[in-house]
Amino acid sequence: MDKRIKNIIFDFGGIIVDLDKQAAVHAFEALGFEARAYINDYVQDGVFALMETGDMSPDEFCTYVRKKAGADVKDEEIFRAWNKMLVGGRITALICSVIRMPYTGHIHAVN
């Protein structure tokens, strides 16, 4: 029997990484984009859900945010606003642990 790990699935949604979704809402609002309708404590909706599930590319997401914000917002600012929801240091320890694993399968992240 092959005992090697074939796949790893991480549930990031408040399980492995602490989330402060309101921080992301405030960061997007500072860019001129009303994110409150898309982000709440339990689920992402609309373009945020599409981006999270891979049904929208990062370029498409940034273009959408820029259009709705009505401002020339840089991609880095948009990604920084998205990442504002990530808090705590557990993700760093997790990544370091995964890097040290003798592993050749797939890694999946879900939220």
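The values are calculated or read from the model by the stated rules, or taken from the named source; none is laboratory data. Since we're looking at a predicted model, the values are computed, not measured. Counting neighbours? That spans all protein chains shown, and the Cβs are built from the backbone with ideal geometry, glycine included.
What the table shows:
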| quantity | calculated |
| --- | --- |
| Residue that is nearest to Phe79 (Cα to Cα) [pool: residues in the stretch 31-44 that are at pLDDT 90 or above and either buried (at least 17 other Cβ atoms within 10 Å of the Cβ) or under 13 Å from the mean Cα position of the chain (by Cα) (or both)] | Leu31 |
| Odd one out for Met85 among (1) touching a strand residue (DSSP E or B) at 6+ places or on another chain (Cβ under 7 Å); (2) at pLDDT below 80 | (2) |
| Given (1) at pLDDT below 75; (2) within 18 Å of Arg80 (Cβ to Cβ), number of the condition Gly14 does not satisfy | (2) |
| Test: residue in the stretch 68-89 that is of a type in the set (D, E, K, R), touching a Phe, Trp or Tyr at 6+ places or on another chain (Cβ under 9 Å) and touching a residue at least 40 places away in the same chain (Cβ under 8 Å) | yes |
| Qualifying residue in the stretch 47-64 (condition: closer than 18 Å to Asp20 by Cα, within 12 Å of the chain's Cα centre (by Cα) and among the polar types (S, T, N, Q)) | no |
